[in-house]
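The values are calculated or read from the model by the stated rules, or taken from the named source; none is laboratory data. The structure displayed is predicted, hence computed values, not measured ones. A quick note on method: Cβ atoms are made from the backbone with ideal geometry, for glycine too, and the neighbour counts reach across all protein chains shown.
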Amino acid sequence: MKILIVIILICGLSLMPTQKMIRNYNIDGQKRALTKKPEYYAMEWQDGIALYNKPTSYFIEVETMGNQNVDMLVTDLQRPVLYTADICTPVCADGECRLMYLTLYWNLLGSYVGYDKVEGQSLTKHDHVEFVDQDYEKLHQLLLDDNSILKRRKIDELVSKPKESDIDGADAIAGATITEVKESVVDGALYSCYVAWNIAHGPIKEELQEYTAALFDNELKRYMLMSNEQDYQMYALNSLSESEFLEYKDRIAQIFGESIPLVRTYIVQNLPKLFWQTEDLQIPFWESFAEVDINTRSLLLNHIHEAPVNVLVSLGRNLELMTKNQLKLYLEAIEKNVSTSPEINAQLLRFAESGNHTYGYIVTEFLEDLE
C-alpha cells in the first residue's frame, strides 16, 4: 500500500509543471490550448489553428493510477477536432516500476493519431536508457497499427523466458522478445510499447465513437466529407441521404477519383439510381476510369448499359486497361453502337490489329461476328 501511495504522489507531482491541474485550464489559470502540431502526428494540421480542451465524461482507467480524463479539443467556434488525454502510467518489469508520461491524441472516430512527449519526462528502455528520436518514431508507428500483434497477445506471450535471467531495469523482461513482435516494438521497451498500445486502443476507442455520434450534425458531416481522411469520408458518406448525395455531388466525384478502393467501392455501390439515369451526374465517375483500381472499374462497368455514347467512346481509349471479363462487358454494351460510331469502330480496329494486347483476339472475334 505504501508503494502505491508513493507512486501516485510522484505521478501527480511530476505532472504539475507540465500538465493540467484543472481539466481544461493550465496551472496559471489560462485556458489550455494546443497551438502547434503534435510532435508525432498522422493527420493533416492546419497552420495557425488553436485547439482548446473541453472536458468529456470519459476517462481511461490506469492500473494503480486511477482515472485519467479524456478531453475533446475544439476550435474557438467549438467545432470538435480531436480527443486527447494526459497519461501517467507505471511500467513495471522484474519488480521495478517507472512512470511513463505521454499526451495521446485520437481522431473523432476514436482512432489513435499521435502523441506528444511530456517536457522533462523522457521514455526509457531497460537499464534506464532513454529513448532516442528513432525510438519515439517507432513507438508512433506501432501505435498507428490498429491490428498489431499486441492486440492478440498477452504480455507474457510476447517473450521467450530463459531459465534464469540477470536482466535488470524498468522495462526489462526476463526473456527475449519473440520474433513476430521484435521488429515492430522499440528494442528494450516491450513493456512500455505494450502498455501504450493497449491504452491507445482500449475501450476508449468505442466510447469516443459514441460521443462523436451523439454530436454528429450537418456541420460535422460537411467537415468530415471535405476532409482528406478516408475514415472521415466513409463516416460522412454513410450518413448521406439521396438529396445530400446530390448536394455534395462534386465533392463525392472528387473523392471517388482520389480516395482509396474501399471508399470508391462504397460510392459506386451507394450512388442513388438518379446518378446512373442522368448523364451529367454519372460522367464525372466514368472520367476516373483510367485512374481507379481494377475492382472499381468492374463496379463501374456494371452500369455501362446506362452510360451515354460519349462515355462509351471515352472508354474505348482505355481498352488495354480492361481485364478479359471487363472487355467482354464493354463489347456487349457497344454492340449497337459500332456501326453508327466511326470513332468506336476505329478504336476497336486499332486494338485488335496492334498485336500488342493479350485480349486483342476477343475484339477481332467480336468484329468478325458483326460482319
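If Glu119 satisfies all but one of (1) over 26 Å from the mean Cα position of the chain (by Cα); (2) modelled with pLDDT under 90, what's the number of the condition it fails?
Looking at each condition in turn, Glu119 falls short on (2).
Test Asn295 against the criterion of being surrounded by fewer than 17 Cβ atoms within 10 Å (Cβ to Cβ) and in a loop (DSSP other than H, G, I, E, B), and give yes or no. Step through it out loud before you land on a result.
Numbers: surrounded by fewer than 17 Cβ atoms within 10 Å (Cβ to Cβ): yes; in a loop (DSSP other than H, G, I, E, B): no.
It is false that Asn295 is surrounded by fewer than 17 Cβ atoms within 10 Å (Cβ to Cβ) and in a loop (DSSP other than H, G, I, E, B).
Pairs only if they're at least six apart or on different chains, beta carbon under 8 angstrom, first in segment 121-146 and buried (at least 19 other Cβ atoms within 10 Å of the Cβ), second part of a helix (DSSP H, G or I) and at pLDDT below 95; list them, first residue then second.
Matching pairs, first to second residue: Leu123/Ser192; Thr124/Ser192; Lys125/Ser192; Leu139/Ser192; Leu139/Cys193; Leu142/Leu150; Leu142/Cys193.
Has segment 208-221 got any residue that is of a type in the set (Lys, Arg) and within 21 Å of the chain's Cα centre (by Cα)?
Residues of segment 208-221 that are of a type in the set (Lys, Arg), as a first pass: 221.
So of that shortlist, the ones also within 21 Å of the chain's Cα centre (by Cα) come out as 221.
Looking through segment 208-221, at least one residue is of a type in the set (Lys, Arg) and within 21 Å of the chain's Cα centre (by Cα).
If you go through segment 120-146, how many residues are assigned to a helix (DSSP H, G or I) and polar (S, T, N, Q)?
To start, the set of residues in segment 120-146 that are assigned to a helix (DSSP H, G or I) comprises 126-128, 133-144.
Add one more test, that the residue is polar (S, T, N, Q), and what stays is 134, 141.
The number of residues fulfilling the criteria is 2.
Please determine whether any residue of segment 182-190 is closer than 27 Å to Thr103 by Cα and acidic (Asp, Glu).
Step one: of segment 182-190, the residues closer than 27 Å to Thr103 by Cα are 182-190.
Those left that are additionally acidic (Asp, Glu): 183, 187.
The answer is yes; a qualifying residue exists.
Could you grab me the full set of residues in segment 264-283 that are under 21 Å from Ser239 (Cα atoms) and not in a helix (DSSP H, G or I)?
Residues of segment 264-283 under 21 Å from Ser239 (Cα atoms): 264-276, 281-282.
Within segment 264-283, Leu271, Pro272 meet the criteria.
Do we find a residue being without any contact (Cβ under 8 Å) to a residue 12 or more places away in the chain and closer than 30 Å to Arg222 by Cα anywhere in segment 281-292? Steps first, answer last, please.
Start the filter on segment 281-292 by keeping residues that are without any contact (Cβ under 8 Å) to a residue 12 or more places away in the chain, which leaves none.
Checked against the condition, which is being without any contact (Cβ under 8 Å) to a residue 12 or more places away in the chain and closer than 30 Å to Arg222 by Cα, segment 281-292 yields no hits at all.
Given the residues Leu262, Leu312, which is the only one that is surrounded by 18 or more Cβ atoms within 10 Å (Cβ to Cβ) and assigned by TED's automatic domain parsing to the domain that holds Glu332? Quick ask: steps written out before the conclusion?
Values: Leu262 fails: surrounded by 18 or more Cβ atoms within 10 Å (Cβ to Cβ).
Unique residue meeting the criteria: Leu312.
Just name the residue that is farthest from Glu258 (Cα to Cα) out of those in segment 196-226 that are free of Cβ contacts under 8 Å to residues at least 40 places away in the same chain and of a type in the set (Gly, Ala, Ser).
Step one: list which residues in segment 196-226 are free of Cβ contacts under 8 Å to residues at least 40 places away in the same chain, which gives 203, 210, 213-214, 216-218, 221-222, 225-226.
Next, only the ones that are of a type in the set (Gly, Ala, Ser) stay: 213-214.
Details: Ala213: 26, Ala214: 29 Å.
Among those residues, the one meeting the criterion is Ala214.
So Gly188 clears everything in (1) modelled with pLDDT under 95; (2) assigned to a helix (DSSP H, G or I); (3) buried (at least 20 other Cβ atoms within 10 Å of the Cβ) except one condition, right? Which one?
(2)
Test Val181 against the criterion of being part of a helix (DSSP H, G or I) and either modelled with pLDDT under 90 or not assigned by TED's automatic domain parsing to the domain that holds Val62 (or both), and give yes or no. Before the answer, list the steps.
On the way: part of a helix (DSSP H, G or I): yes; either modelled with pLDDT under 90 or not assigned by TED's automatic domain parsing to the domain that holds Val62 (or both): yes.
So Val181 passes the test.
Which residue, of Phe351, Phe289, Phe366, is surrounded by 15 or more Cβ atoms within 10 Å (Cβ to Cβ) and under 30 Å from Ile255 (Cα atoms)? Spell out the reasoning first.
Working: Phe351 fails: under 30 Å from Ile255 (Cα atoms); Phe366 fails: under 30 Å from Ile255 (Cα atoms).
Result: Phe289 is the single residue among Phe351, Phe289, Phe366 that is surrounded by 15 or more Cβ atoms within 10 Å (Cβ to Cβ) and under 30 Å from Ile255 (Cα atoms).
For every residue, the table says whether it meets (1) buried (at least 18 other Cβ atoms within 10 Å of the Cβ); (2) assigned by TED's automatic domain parsing to the domain that holds Met224; (3) under 23 Å from the mean Cα position of the chain (by Cα); (4) in a strand (DSSP E or B).
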site: Lys54; (1), (2), (3), (4): no, no, no, yes
site: Tyr58; (1), (2), (3), (4): yes, no, yes, yes
site: Thr64; (1), (2), (3), (4): no, no, no, no
site: Asn69; (1), (2), (3), (4): no, no, no, yes
site: Ile87; (1), (2), (3), (4): yes, no, yes, yes
site: Val91; (1), (2), (3), (4): yes, no, no, yes
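Out of (1) within 29 Å of Lys221 (Cβ to Cβ); (2) modelled with pLDDT under 90, what's the single condition that is false for Leu104?
(2)
Answer yes or no as to whether Ser288 is assigned by TED's automatic domain parsing to the domain that holds Val268, part of a loop (DSSP other than H, G, I, E, B) and either at pLDDT 95 or above or not small (Gly, Ala, Ser) (or both).
Numbers: assigned by TED's automatic domain parsing to the domain that holds Val268: yes; part of a loop (DSSP other than H, G, I, E, B): yes; either at pLDDT 95 or above or not small (Gly, Ala, Ser) (or both): yes.
For Ser288, the condition - assigned by TED's automatic domain parsing to the domain that holds Val268, part of a loop (DSSP other than H, G, I, E, B) and either at pLDDT 95 or above or not small (Gly, Ala, Ser) (or both) - is met.
Answer yes if at least one residue in segment 310-325 is touching a residue at least 24 places away in the same chain (Cβ under 8 Å), assigned to a loop (DSSP other than H, G, I, E, B) and within 24 Å of Ile260 (Cβ to Cβ), and no otherwise.
Yes, segment 310-325 has at least one match.
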